Amino acid sequence: MLDRIRIVLIGTSHPGNIGATARAMHNMGLSELALVAPRCEAVTSESISRASGADHLVHAARTVATLEEAVADCTWVVGASARSRTLPWPMITPRELGQSLPAELNQHKFNPPGHGGHEPRLALIFGREDSGLSNAELQRCHTHVHIPTNPDFSSLNLAAAVQLLAYECRLAALATQPMEPTDEARSEPLASHTELERYFEHLERTLIRIGFHDPALPRQLMARLRRFTLRARPERMELNILRGILTATEQCIHPQERKKP
């Protein structure tokens, strides 16, 4: 999915912003950068320095003269707009952009390339550092995306804006991938309902014996402890450890007792 997202910068005036954009893209797994009529050299010592290891994206960036050239093969063109326009246009937030991404980029399942269809591609358009996108450029976009910044200080650095939208795209892409086992995956079976009920009985009995819980004045203590425990989804081994602690607690109060839990 991420390999079908293109970042398009229009009229960029500072090579450092091109390098910083490349870094933001590489952080989020994006790899395609297009420059429309840049007002500076793309490959400079500053752009390479600001790319911080993502300079291969700066070198690979495609430079074109017009927005039409940059987005000709794209099926969804989204322009980043920092201000409202006199002409109403579909406007979404970065989060809504990410939520729409799977449906937009998976349409090839229904209209596959090579069978009269085109592979869906997204172009994210960013304007000039000093003036953003023109009305004419915004009108070439299917949708506008607006980052809800502080209205008293809404100006965003170009690379920061790219980072925010690229992050939402990455979240959307990760959400579509199957979960892979990790080192933190459960290695023990979860405690069963019966085992949990035995634990709660044991816990209540112990709390009464140590004077922490008065059944006549419960104040929802056991209900809260139930909610806390059930939310944790304990494994059988973890529950056995807790019951061992309860048993040891009971025996410390009455050392002569050896009652089984």
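The values are calculated or read from the model by the stated rules, or taken from the named source; none is laboratory data. Note that the structure is predicted; figures quoted are calculated from it, not measured. Counting neighbours? That spans all protein chains shown, and the Cβs are built from the backbone with ideal geometry, glycine included. The accessibility values were calculated without ligands, DNA or RNA, using every heavy atom of the protein model including side chains. Shrake-Rupley method; radii C 1.70, N 1.55, O 1.52, S 1.80 Å.
Here are some notes:
- Accessible area per residue for the chain is 59 Å², calculated with a 1.4 Å probe on protein heavy atoms, without ligands, DNA or RNA.
- Considering only alpha-carbon pairs that sit under 8 angstrom and 6 or more positions apart, the relative contact order computed for the chain is 20 percent.
- Of [x] 1, 7, 15, 20, 21, 17, 11, 6, 2, 0, 0; [y] 1, 6, 11, 14, 14, 13, 12, 9, 7, 5, 3, 2, 1, 1, 0, 0; [z] 1, 5, 10, 12, 12, 9, 6, 5, 5, 5, 6, 7, 6, 5, 3, 1, 0, 0, the label for P(r) over Cα pairs in 5 Å bins from 0, in percent derived from the coordinates: [z]
- Counted residue by residue at 0.36 nm each, then reduced by the alpha carbon distance between them, the extension gain from ALA82 to SER13 reaches 23.0 nm.
- For the chain, adding -39500 (n - 2.57) for each run of n ≥ 4 DSSP H residues and dividing by the number of residues yields -13000 deg cm²/dmol at 222 nm.
- In plain terms, the chain from ILE208 to GLU41 could stretch by 52.5 nm, reckoned as 0.36 nm per residue minus the Cα-Cα distance.
- Sulfur and carbon atoms: percent of accessible area, the chain [1.4 Å]: 54
- Other residues with beta-carbon under 14 Å from the beta-carbon of ILE7 carry, at +1 per Lys or Arg and -1 per Asp or Glu, a net charge of +3.
- Span-like helix ranges in the chain, DSSP H, alpha carbon extent 20 angstrom or more, Kyte mean at least 0.0: 158-175, 236-253
- Given their separation in residues at 0.36 nm each and the Cα-Cα distance between them, LEU174 and GLU69 gain 34.8 nm when the chain is fully extended.
- The chain: most fluctuating residue of PRO218, PRO102, PRO94 per GNM, C-alpha cutoff 10 Å: PRO218
- With a Förster radius of 30 Å applied to the C-beta separation of ASN135 and TYR167, the computed FRET efficiency comes to 0.60.
- Note on ARG236 and GLN220: the model spin-label points, each 7 Å out from Cα along the C-beta direction, lie 3.4 nm apart.
- Within the chain, longest stretch free of exposed GluC sites (Glu not before Pro) [DSSP loop, at most 14 other beta carbons within 10 Å]: 42-183
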